[in-house]
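For reference, the structure discussed in these notes is given below.
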Amino acid sequence: MNKNKVIRSQQLRFMVYTLIAFTLLFGIFGTIIFSQIKTTLYAKTDNDLNNYKMMIETEGRGEGNGASPDKDPFADKTGFPPPPDKGGRPVFNPRVIPIQWDKDGKIVNIQQIGFINYENYFSDMKFDPSTVGAISNVKVSGSYHFRTISVPHPSQAGAYIQLMVNVDSEQNLIDNFKQIIIICSVIFILLSISASFILSRKMMKPIIRSWDKQVEFVENASHELRTPLTIIQNKLELMQTTPEKRIMDTFENVALSLSETRRLSRLTTDLLTLARADSTETQLEKQSIDLDEFVHKVCSPYAEIAELSEKHMWLRLHSKTRIEADPARLHQLLVILLDNALKYTGEYDSIGISTSVKENKAYIEVSDTGIGISEEGLSRIFDRFYREDQARSRETGGSGLGLSIAQWIVDSHHGTIQALHNQPKGMIFRIRLPK
Ligand code: ADP
């Protein structure tokens, strides 16, 4: 599939997911706050209504104030419920308006609730049976909000007492708050769209980078594999055209094919190492290592090779420390650096290996007085397949993967590796590892 198309659709998917997540979070947050404010605002009113209801029921059963069970609690002169006594019964909110409905659905206590109240609010009202037993909101005369509950009249069958509390101010607050939440939600959704867009772009960046890197890696790998394969194929085809020749006569072809096969085998091993490193499949098997002793052991055979090619190798191993490392990987790391040092130095050059400890970190330095590297090369030396001089590296058998593997080994040990110019010429590779 086209790369840009895939990236665009993935970015869109990221954006939608982030937007949904933001909206959901804000939605839940807003709903919790809103319902919390609503219940808090109505809590006092509902408490008063329930107390009133309880009192009516208690009076009806004749338990309150010494009244007899068949005594109508509202049958006194005024029609109001008996005043709360000071001996423990709750004190009632004067905002509670008790409306008495007879069994024909008519208000019978107009005097009690007051003529003005009746005219302004309740003259058009009808009794709503759904208000019996449960507190609900009702709108009266089109614009007045009441919290209400109805209780069957304790002594008149089919009649009801409806308790009403005007909650216009509370409702006003809730409406304002609802408006604020809606405005904030719209602003927040607009902001989330831009935030999700920016975030999705940011999230895609490393994916695009690793995509490009992977494509480049595959291209380079196939190129590197194709070259030796072509050489081997050519040589074998040439030999096939002259089957009468003896191996001795085509020795050069056989030797070249063999050397290319070795290169191929090294290359596939390196590629496999890096592929496993990328998939974090490779597990380190760390153990405590005596650094000086370990480095000495790895370097010994190289000192002999250096001597054979008229190079001088010196060791200065003064770390006197142990480090936690995977011995196989540490060995591989040193071999890569020593191989390079031998490859890129000439006769009478020197190669030095030193170990030390600074600020609780172990240092290994591999330096040489060889051909060194350009300034541009220094910044790219750890890139995969980077070779300072393609032609020269083919001669030396390098594929440009050694230092990438070295960097992965150091990274996986939580250390650092640095490439520096040596003075007056050559290279220094400085490795810093935690102890
Ligand atoms: P190669 O297998 O080509 O040596 P590396 O990844 O080990 O691959 O090294 C990458 C490149 O870095 C080499 O091609 C070479 O140009 C340069 N390089 C590495 N080590 C040295 C060194 N000690 N001196 C000079 N150049 C070096």
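The values are calculated or read from the model by the stated rules, or taken from the named source; none is laboratory data. Values in this document were obtained by computation on a predicted structure and should not be read as measured data. Neighbour counts run over all protein chains shown; Cβ positions are idealised from the backbone, glycine included. Side chains included, ligands, DNA and RNA excluded: accessible areas come from the protein's heavy atoms. Shrake-Rupley method; radii C 1.70, N 1.55, O 1.52, S 1.80 Å.
Before moving on, here are some points about what is shown:
- Residue identified as of a type in the set (A, V, I, L, M, F, W, C) and surrounded by fewer than 18 Cβ atoms within 10 Å (Cβ to Cβ) among L337, L403, L420: L420
- Every pair of residues 6+ apart whose Cβ atoms lie under 8 Å, when the first sits in region 244-271 and is under 29 Å from T282 (Cα atoms) and at pLDDT 90 or above while the second is among the hydrophobic types (A, V, I, L, M, F, W, C) and not in a helix (DSSP H, G or I): L267/L401; D270/L401; L271/L401
- Only listed residue being small (G, A, S) and in contact with a Pro (Cβ under 8 Å, 6 or more places away or on another chain), chosen from S143, S185, S169, S150: S150
- Condition check for F251: of a type in the set (F, W, Y) and open to solvent by 80 Å² or more (accessible area, probe 1.4 Å): yes
- For I417, the requirement of being part of a strand (DSSP E or B), within 12 Å of the ligand (Cβ to nearest atom) and within 20 Å of E324 (Cβ to Cβ) is met.
- Of residues in region 340-378 being more than 14 Å from the ligand (Cβ to nearest atom) and among the β-branched types (V, I, T), the one farthest from the chain's Cα centre (by Cα): T355
- Matching residues in region 345-363 - criterion: being open to solvent by 60 Å² or more (accessible area, probe 1.4 Å) and either among the aliphatic types (A, V, I, L, M) or part of a loop (DSSP other than H, G, I, E, B) (or both): E347, Y348, E359, N360
- Every test in (1) more than 41 Å from the chain's Cα centre (by Cα); (2) surrounded by 14 or more Cβ atoms within 10 Å (Cβ to Cβ) is passed by K44 save one, and that test is (2).
- Test: residue in region 297-317 that is of a type in the set (K, R), within 28 Å of D383 (Cα to Cα) and open to solvent by 40 Å² or more (accessible area, probe 1.4 Å): no
- Note on region 282-296: among residues that are in a strand (DSSP E or B) and exposed (fewer than 14 other Cβ atoms within 10 Å of the Cβ), the one that is nearest to the chain's Cα centre (by Cα) is Q287.
- Checked against (1) in contact with a helix residue (DSSP H, G or I) (Cβ under 9 Å, 6 or more places away or on another chain); (2) within 16 Å of the ligand (Cβ to nearest atom), R266 meets all criteria but (1).
- Of the residues making up region 150-169, those that are touching an Asp or Glu at 6+ places or on another chain (Cβ under 7 Å) and open to solvent by less than 10 Å² (accessible area, probe 1.4 Å) are V151, A159, V165.
- Residues that are open to solvent by 20 Å² or more (accessible area, probe 1.4 Å), in a strand (DSSP E or B) and over 21 Å from E376 (Cα atoms) within region 423-435 comprise R432, P434, listed in sequence order.
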